[in-house]
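Asker: Have a look at this one.
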Amino acid sequence: MGFLRTVVRRASFVLLAALVATPLAQITMRGVFNVPLAGAEELAKYFLICLTFLAASYVTHQGGQIRMEEFQFLLPPKPRWILQLAIEVSGVAVFGVLFVASVVTVTRNLNSVTPVLEIPFLLFFAPLVLGSLLLVVETLAMLVHTWRTRRPEAKRTVLS
């Protein structure tokens, strides 16, 4: 999992840079050369979608998702452990449904393309499919870890 997390993290940095560079290129082309960059908005949206879904699993691993830990720590250890297990089971279920729904959507629209850049629907939805699969795997790993330790996780809120 460590190698996969490193790949996801680095890809997220590249996508973030592309997300910043695309509107900057659009502004430069339009403002300096008076030639708008065709499809820049759609490309920026695509980079945003890619970044959001691919980075979500890494954010989950780092404890950056909303966990409401302040409220969890009001509970005694055993009920808190049960609550954390329930949250992780729910996460696996929700992300699993998202993964299945994205695969079904892609398979039903294989011949579609985006309007401006004509990106194939498969490529456009690939970040959702891959990201939701990575979220299932990461949340399942957290569930297994919480189950094996037989105790609630310590508070680990990450602000970055």
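Asker: Among the listed residues A44, A93, A40, A101, which satisfies the condition of being among the hydrophobic types (A, V, I, L, M, F, W, C), over 20 Å from V144 (Cβ atoms) and modelled with pLDDT of 95 or more? So that I can check it myself, show each step before the final result.
Answerer: Values: A44 fails: modelled with pLDDT of 95 or more; A93 fails: over 20 Å from V144 (Cβ atoms); A40 fails: modelled with pLDDT of 95 or more.
Checking each option against the conditions leaves just A101.
Asker: Name the residue, out of Y46, Y58, that is more than 30 Å from P152 (Cβ to Cβ) and in contact (Cβ under 8 Å) with a residue 40 or more places away in the chain.
Answerer: Y46
Asker: Can you name every residue in region 28-43 that is closer than 17 Å to T114 by Cα and either part of a helix (DSSP H, G or I) or among the polar types (S, T, N, Q) (or both)?
Answerer: A40, E41, E42, L43
Yes/no matrix, rows are residues, columns are (1) basic (K, R); (2) modelled with pLDDT of 95 or more; (3) surrounded by fewer than 19 Cβ atoms within 10 Å (Cβ to Cβ); (4) assigned to a loop (DSSP other than H, G, I, E, B):
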residue: V89; (1), (2), (3), (4): no, yes, yes, no
residue: N111; (1), (2), (3), (4): no, no, yes, yes
residue: V136; (1), (2), (3), (4): no, yes, no, no
residue: L140; (1), (2), (3), (4): no, yes, yes, no
residue: R148; (1), (2), (3), (4): yes, yes, yes, no
residue: A154; (1), (2), (3), (4): no, no, yes, yes
residue: V158; (1), (2), (3), (4): no, no, yes, yes
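Asker: Which of (1) free of Cβ contacts under 8 Å to residues at least 40 places away in the same chain; (2) of a type outside the set (D, E); (3) not in a helix (DSSP H, G or I) does G64 not meet, given it meets every other one?
Answerer: The number of the failed condition is (1).
Asker: Looking only at residues in region 1-53 that are small (G, A, S) and within 20 Å of V137 (Cα to Cα), which one is farthest from the chain's Cα centre (by Cα)?
Answerer: From region 1-53, those small (G, A, S) are 2, 11-12, 17-18, 21, 25, 31, 38-40, 44; that's our starting set.
After this cut, where a residue has to be within 20 Å of V137 (Cα to Cα) as well, the list is 2, 11-12.
On the way: G2: 17, A11: 12, S12: 10 Å.
By that ranking, first place goes to G2.
The values are calculated or read from the model by the stated rules, or taken from the named source; none is laboratory data. Just so it is clear, the structure is predicted and the values come from calculations on it, not from any experiment. Virtual Cβ from ideal backbone geometry, glycine too; neighbours counted across all protein chains shown.
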